[in-house]
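Shown next, in structure tokens, is the structure this report addresses.
Each value in this text was obtained by applying a stated rule to the coordinates, not by laboratory testing. These numbers were taken from a predicted model, which means no experiment stands behind them. Methodologically, a virtual Cβ is constructed for each residue, glycine included, from the backbone with ideal geometry; neighbour enumeration extends over all protein chains shown.
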Amino acid sequence: MCAYRNEGPFVVTAGEALEADRLVRHTGSAWMYCDAGEEPMGLVVDPVAISTRVTVRSLSGACIEKFTAAKAIGVGDEIYPAADGKVSDAPAAGRRIGIALSAATDDGGKLSALVLPAGGAVARDFQESVLDQLNFVTSEPAAPSEGDRYINLNTGTSSETSQAVVATHVYE
């Protein structure tokens, strides 16, 4: 059990100029961008110059945040730390930060993502696990069993049932 817990944003001193919606970590002497393979501690709220105070949101629990992409990233892609506090869909020996809920078309583009706790999954004792992510507009599960749960990746009309489906919603 940890002795301290921070639910809200915290204010620290930037060790370099920082842009909003980028991952940061504490290097032992300063708050800097988190790079590929490093463990992020938070997300920059507003851009700041070097040696000024910066507001950082903690990445300690499940939530939805906005990130800056290092490359094109699609809806449903897992995201990981990349160079200069950006995110990528390439693991690069780093922990999975979350799952993209919107797409980024190129380097510097913005996307929203479901942030996953350091353990990598969202704990929901009252719900069954999601089996997979599927695009219900083009293809539904081939042989689903009662109680199977899936995250739908696109909004539109279901290919099998002709029902309206919404991206990022869970269907059982």
> Which entry in [x] 26, 19, 13; [y] 34, 18, 12; [z] 59, 16, 11 is this structure's computed semi-axes √(5λ) of the Cα gyration tensor in Å?
Replying inline: [y]
> Spin-label point model (7 Å from Cα, Cβ direction): what's the residue 142 to residue 163 distance in nm?
Replying inline: 2.3 nm
> So how do 33-45, 10-22, 158-170, 62-74 stack up, highest first, on mean other-Cβ count within 10 Å?
Replying inline: 33-45, 62-74, 10-22, 158-170
> For residue 12 and residue 131, FRET efficiency with R0 = 45 Å and r from the beta-carbon atoms, rounded to 0.05?
Replying inline: 0.65
> So if R0 is 41 Å, what FRET efficiency would residue 55 and residue 92 give, r being the distance between their Cβ atoms, rounded to the nearest 0.05?
Replying inline: 0.95
> Can you pull the percent of Cα pairs in region 127-172 with separation above 13 Å?
Replying inline: 47 percent
